[in-house]
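Report on the structure given below.
Just so it is clear, none of the values below were taken in a lab; they were calculated from the coordinates. A quick note: this is a predicted structure, and the numbers were derived from the prediction, not measured. Because the Cβ atoms are built from the backbone with ideal geometry, glycine has one as well, and the counts that use them run over all protein chains shown.
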Amino acid sequence: MNRIKKPNSQEIRCAIYTRKSCEEGLDQEFNSLHAQRESAEAFIASQQHEGWQCLPEMYDDGGFSGGDMERPALTRLVADIDAGKIDCVVVYKVDRLSRSLLDFSKIMSTFDEHGVSFVSVTQQFNTTHSMGRLTLNILLSFAQFEREIIGERIRDKLAAQRRRGKWTGGIPVLGYDVDRSGVSPKLVINADEARRVRRIFKLYLQLGSLLPVVESLNKRKWVNKSWTTKKGLPRGGRPFDKPAVHSLITNPIYAGKTKHKKELYDGEHESIIDSSLFQRVQTQLKQNSNGRGNHLVNKHGALLKGLLHCKACGCKMTHTFSCRGTKRYRYYKLSLIHI
């Protein structure tokens, strides 16, 4: 336990910091943040004979990860420490303040600079002694290890879900709505949007490149997917541009697939376009990337662009030129210098 001596019988101003990683349950009348603060207040009350006084200011970060320091309440806490308003910071557990050793060392440096002590209600140690600092570093090392293990488990879970063809969340795509009525969310076809998606794929095959497709969609006043967040905020609904069209026509989800890294798996959702149409579009995109699509891609008339490869490393040769006087000499070279 961190016993703080009162200099000249002055009170010790204690700030309570609380944090919860996810937003789930924050709307409840009594949530994790309230429980953390209640425990901290009880601990401070037990130290009143030492002059400890709980500050009324609330430093609560609900829905923020401990993996970084980009948290509004933590920012306010550090600002108040800089202003000399706090003598001691009290948390329920060490990992509530941070799960990163590097970030925690920065925070502790700020505490030391301003003479602020740090107390954990459930893990008693004294930061003014070397043994207390060692204990703190050990606890924080385990907190960071736990965070990394949780991250690995989440990634493994998402990978397993993708392999089984399940939708794992993210930004909704045009043509599908998210059905959350079951145990796990699923993608269901939005008939009106699906007709537009099919038209966009066929437009690309018909027009041959992205820019004419964008111009055609803008004339029709078609926009990207519109949706509302859990907080009721509107998102999407923007006009199409080249990156948006490219992202749409290269998304295997429309062919009934889910993707994890470079692997494709059969999805649980119904496809909007057939696999042959999707493959024809990908073939057209590949041809355009070699300079045989929009003439602007190959405006200098480099007929061998995308065809020449280095015999040694297999990399593509790119078209370039050099000038001597009024003459321009064109040639092909490797885009990267190999050592």
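Can you tally the net charge around LEU174? Count Lys and Arg as +1, Asp and Glu as -1, for every other residue whose Cβ sits under 12 Å from the Cβ of LEU174. Surrounding charge for LEU174 is +3. Using C-alpha pairs under 8 Å with a sequence gap of at least 6, the mean separation divided by the residue count of the stretch 176-297 gives a relative contact order of 22 percent. Where does helix 130-163 land angle-wise versus the long Cα axis of the chain, in degrees 0 to 90, nearest 10? Helix 130-163 sits roughly 30 degrees off the main axis of the chain.
The residues neighbouring GLY84, those whose beta-carbon lies less than 12 Å from its own, together hold a net charge of -2 under the Lys/Arg +1, Asp/Glu -1 convention.
Sorting 29-38, 231-240, 113-122 by their mean Cβ neighbour count within 10 Å, with the most densely packed peptide first, gives 113-122, 29-38, 231-240. I want the local charge near SER141. Using Cβ-Cβ distances under 12 Å, sum +1 for each Lys or Arg and -1 for each Asp or Glu among the other residues. Local net charge: -1. With the highest mean first, a sort of the peptides 318-324, 201-207 on other beta-carbon atoms found within 10 angstrom per residue produces 201-207, 318-324. In the stretch 44-112, the alpha-carbon atoms span a convex hull of 101 Å³ per residue.
In what sequence do THR229, THR326, THR135, THR18 fall when counting other Cβ within 10 Å, fewest first?
Ascending Cβ contact count within 10 Å gives the list THR326, THR229, THR135, THR18.
Would you mind checking the tilt of helix 72-82 against the longest principal axis of the Cα atoms of the chain, expressed as 0 to 90 degrees and rounded to 10? Orientation of helix 72-82: about 50 degrees from the principal axis. Shape of the stretch 176-297 from the C-alpha gyration tensor: oblate (a/c of 1.5 or more and a/b not above b/c, with a ≥ b ≥ c the square roots of its eigenvalues). Would you please give the FRET efficiency between LEU102 and THR326, computed as 1/(1 + (r/R0)^6) with r the Cβ-Cβ distance and R0 = 51 Å, to the nearest 0.05? The computed FRET efficiency comes out at 0.30. Treating the angle as unsigned and between 0 and 90°, give the value, to the nearest 10°, between the Cα long axis of helix 32-46 and the longest Cα principal axis of the chain. The helix 32-46 is inclined about 20 degrees to the chain.
Computed over the stretch 7-159, the quotient of the alpha carbon radius of gyration and 2.2 N^0.38 Å is 1.06. Where only DSSP H runs of four or more residues are counted, the chain gives -12000 deg cm²/dmol as its mean residue ellipticity at 222 nm, each run worth -39500 (n - 2.57).
Rounded to two decimals, the Cα-based Rg/Rh of the chain, with Kirkwood Rh, is 1.15.
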